[in-house]
Each structure stands twice: as structure tokens, then as C-alpha cells.
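Notes to accompany the following structure.
What follows is calculated from the coordinates using simple rules that are stated; it is not laboratory data. Keep in mind that what you see is a predicted model, and the values were worked out from it rather than measured. A quick note on method: Cβ atoms are made from the backbone with ideal geometry, for glycine too, and the neighbour counts reach across all protein chains shown.
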Amino acid sequence: MSKSVSERTRLTSATYDLAPSHRAVNVGVERGSTVLYACAEDLYDDRIQPGYGIEGLSTQRELMRLMCELEGATDVFLLPTGLSALTLAITACLKAGDEVVCVNSCYGPIRRFLQTQMARFGVTARYYDAGASADEVMALTNDKTALIIVESPGSLTFDIQDIPAIAKAAKARGILTLCDNTYGAGVLFKPLDHGIDMSMQALTKYVGGHSDILIGTVAVKDKALAKRLDDTSRAFSFFTSADESYLAIRGLRTLHLRLEQSGKSGLELARWLEGHDLVDRVLHPGLESFPGHDLFKRDFTGSNGLFSVVLKGGNIAASCAFLNALKLFGLGFSWGGFESLAIHFEPQLMGRAKLGQSQNLAYEGSLIRFYVGLEDPADLKADIAQALEVYRAAIG
Ligand SMILES: *Cc1c(COP(=O)(O)O)cnc(C)c1O
């Protein structure tokens, strides 16, 4: 669709490009392994795609097309989870003897993948503090470094990085860059427009939007890189189902609306919590008080509904007392759905510390991450307020 209309319009009315007359509004769920060919001469012709279900039929192809719109990409790869999108991008770029440099506030399981699986294949990983400048990041690279992994705002602690500067410095040295852009959902931040080579996203979060699917994507706009990802993905035989893809397409239609409301409610709650006597710090990149806020404002068009708080004087038992007292926030992992969620994350930061990245343990007190969904923010505020009184009693 024409670029003269906004992204929001393109995502919402995009299927009208396909066939204008007499059909359902949405593309259907097409399931299949075998694809029938028109004639025997076509059977081994690689130009005829899809030739088999693994390549994705009409439902997956429509999702790839919409994700290309969202990410400003030429090619998008669908993966069964967000984590497998990261592992595909990493394995497609690295070989034995290579090194990878990764931010220490990355999504936790990616560090586990680097430390266990990639280490087994002879790849060394180095980590940088999320607050490091591009020069400090580049100081960790050498002639074996093949990939830099960035994630901003970082998971759990929301540390902001100067992604355009890191991307530029990496490009000058011929090092590929991978950005985990799940926070931005493809809307709030556009990694490929800022010089990043591969933009990854867990559609499990905001794109799915209803906590009922798992999908990941890797988006690129370089044909040679797309070929490497395609070869690797085919070799591993990654597959994403038509049913999950259908729900992701449905989610894309309302992505902008949901993300905007969730982000607005999240910021409202974060501002209110900043003034609460039991709150030591609020970790939300949209707050003026947050380190890195200026960079965030420069690169992002807004914040999503995730943030963390450091509560005064707590410990894990007090964190649990607070969480158990919440009535409207579900206790569970992941985010991006319609429903609000909360977790404590001291155990996850201890995992980071074990790997020698202790900087994030600078936070003392109970560490709670909120995901703010689509409920009335006044009700969520009242719920947190009453749970904080339970917390006050717990810390005595
Ligand atoms: C959830 C998440 C992932 C992984 O997504 P899954 O679909 O759950 O595998 C990756 N990165 C970030 C930042 C996430 O929040």
C-alpha cells in the first residue's frame, strides 16, 4: 500500500491490497504440508514458492508482508517463539572461533543460549554494562567479533542504550548488529531505520496482544543477510503455524490502539508511584527522572506499559506478600496482553550477577515489574495502593 498513508492505516487496511472484491475481510487459515503443482515440469523449479508447507502458505505470507510494513524490512522470517527468533539470528551469523558482544540487561534466556549452546560450538560471548557508550562497547570487540546484540530498554531494568551510535560504529568495523525490539513492538522504535542489521521481535507480546500465541520474527533489509537467515532457518526446519499467524495478523489490526492505551496507563501509574512513600525508585524510561530518558526521547516515539519499581526496605518475602495481595494484576511471566501482570525479579537479577554482571544489583529493596494492560488505570492504582499497605505491614 502507498506510503502516503500512515503506518497505522497501512496495517489496518492492508489486506485490501490482495483482492478487492467479494471475499472475507481477513485472510483465512490455510493449513497444509503438501502443495499441489500445476505440472511435472514445475516440481523441481525453485522459483515456484511455496513448494511445501514449511515455507509458509497464504496465512504466514500475509503476516510476513504486514511485518515488513511494520519493520521497514524487505524480508521477515517467522519463528515459533521470540527466543527462537533470537537463536536463529545468532546461529545464522556465527561460526566456531567467533566472538559475540551482548548487553548485560538482555532477555535472560539469550545469555543462557550464549553461555551453554554457543559456547559448546566454540563461540565466546562478552557482555557490556547497559549504560556503556558506543566507544566502550567497541572496546570489547576484536577481529573475531562477528555480532553485537543490543536491547533497549533492557529487560527488567529498562536501561537505555545509544543504539544508533553502536550500530554506526559496528558497521564501520564490519560487525553485524541484532536488536531485540520486543519493547518497541515495531511501533515505538524502528531498529532498521537506525542502522541495525537484524530487528527481532516476540510477537508473543504486543502484536499477539491476548496472551494466547507464541511467535517471533527477524526482520532485515539486506538480501545477502536474508539469504543467510533463510538457509539457516531451512536447515533447522523452523515452522510457525497458520493458526498462530492468523491470530498475529488479527493482533496487528489493533496493535497501535492497544499499545497506546497500555503505554499511557503505564506512565500514569509510574508517575503516581514515584510520589508514594514506600517507593524508592521507579524504573520507567518515559520518566524525566530516569537515566537515559533523553536518549529514549530522541529515538522512541513513546513508552509501552512495562516498568519496574524498587520498594523501600523489602526482601523476597515482602515482595511475595505484596504480589499475593494484588487482586487485579495476574502473577505470571510475559506481557503485552490485555491483562495487567506483576512479578518480582530479584531471582532473575541474581542470575545476571552469577555471570559476573553485578551492576544491576545496585538496586536494594523489593524489585517488582508491572505490566499495565487495558483495565481502567484508576482501578489498577487502587489495587496497588491496597497491596502496598500489606507490604508496609510485612516490612514492619
Ligand atoms: C518475551 C521476550 C522474548 C521471548 O519471546 P517468547 O515468544 O516468549 O520466546 C524475547 N525478548 C524479550 C525482550 C522478551 O520480552
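Things worth noting here:
- Aspartates and glutamates whose Cα lies under 13 Å from that of LYS190, excluding same-chain neighbours fewer than 8 positions away: GLU7, GLU69, GLU71, GLU151, ASP180, ASP299
- Placing R0 at 35 angstrom, the Cβ-Cβ distance between SER6 and GLN49 gives a FRET efficiency of 0.70 after rounding to 0.05.
- Reach of LYS381 by Cα under 19 Å, taken over lysines that are not fewer than 8 positions away in the same chain: LYS264, LYS312, LYS327
- Comparing mean-square fluctuations of TYR246, TYR52, TYR183 from a GNM of the chain with C-alpha springs under 10 Å, the top value falls on TYR52.
- For the chain, a Gaussian network of Cα nodes joined below 10 Å ranks HIS344, HIS293, HIS22 by mean-square fluctuation, and the top entry is HIS22.
- Share antiparallel - DSSP beta bridges, the chain, percent rounded to 5: 55
- The stretch 253-395: C-alpha gyration tensor shape, a/c 1.5 cut-off, then a/b vs b/c: oblate
- Estimated dipole of the stretch 253-395 in Debye, rounded to 20 [Cβ of Lys and Arg +1, of Asp and Glu -1, Cα centre]: 340
- Pairwise label distance in nanometres, ARG271 with ASP135, each label 7 Å out on the Cα-Cβ vector: 3.7
- Positive-pole candidate from ALA382, LEU57, ILE395, dipole of the chain, charges at beta carbon: LEU57
- Computed magnitude of the charge dipole of the chain (debye, nearest 20; Cβ of K, R +1, Cβ of D, E -1): 240
- The modelled label-to-label distance for the pair SER13/GLN261, using points 7 Å beyond Cα in the direction of Cβ, is 2.3 nm.
- Amide H contacts of LEU306 (H built 1.01 Å from N, under 5 Å, at least 5 apart or other chain): VAL372
- Fully extending the segment from ALA317 to ASP231, taken as 0.36 nm per residue of separation minus the present Cα-Cα distance, adds 26.1 nm.
- Proxy reagent accessibility, fewest Cβ within 10 Å first, across LEU203, LEU380, LEU388: LEU388, LEU380, LEU203
- FRET efficiency for PHE338 and ALA378, using Cβ-Cβ distance with R0 set to 22 Å, rounded to 0.05: 0.80
- In the frame of its principal axes, the stretch 84-215 has Cα extents of 44, 31, 24 Å, reported largest first.
- As a calculated quantity, the FRET efficiency between GLN117 and LEU331 at R0 = 41 Å, using C-beta atoms, amounts to about 0.85.
- Most fluctuating residue given options PRO291, PRO80, PRO50, as computed from a GNM of the chain linking Cα atoms under 10 Å: PRO50
- Reach of LYS95 by Cα under 27 Å, taken over lysines that are not fewer than 8 positions away in the same chain: LYS144, LYS168, LYS171, LYS221, LYS223, LYS227, LYS354
- Cleavage-rule hits, chymotrypsin sites (Phe, Trp or Tyr not before Pro), the stretch 119-150, DSSP coil, Cβ neighbours within 10 Å at most 12: PHE121
- Helix content alone sets the calculated 222 nm mean residue ellipticity of the chain: runs of n ≥ 4 DSSP H residues at -39500 (n - 2.57) each, divided across all residues, give -11500 deg cm²/dmol.
- Sites listed here are trypsin sites (Lys or Arg not before Pro) in the stretch 247-348 whose DSSP assignment is loop and whose Cβ has at most 12 other Cβ atoms within 10 Å: LYS327.
- Stretched out straight at 0.36 nm per residue, the stretch from ALA96 to GLN386 would grow longer than its current Cα-Cα span by 99.0 nm.
- Relative compactness, the chain, computed as alpha-carbon Rg over 2.2 N^0.38 Å: 1.02
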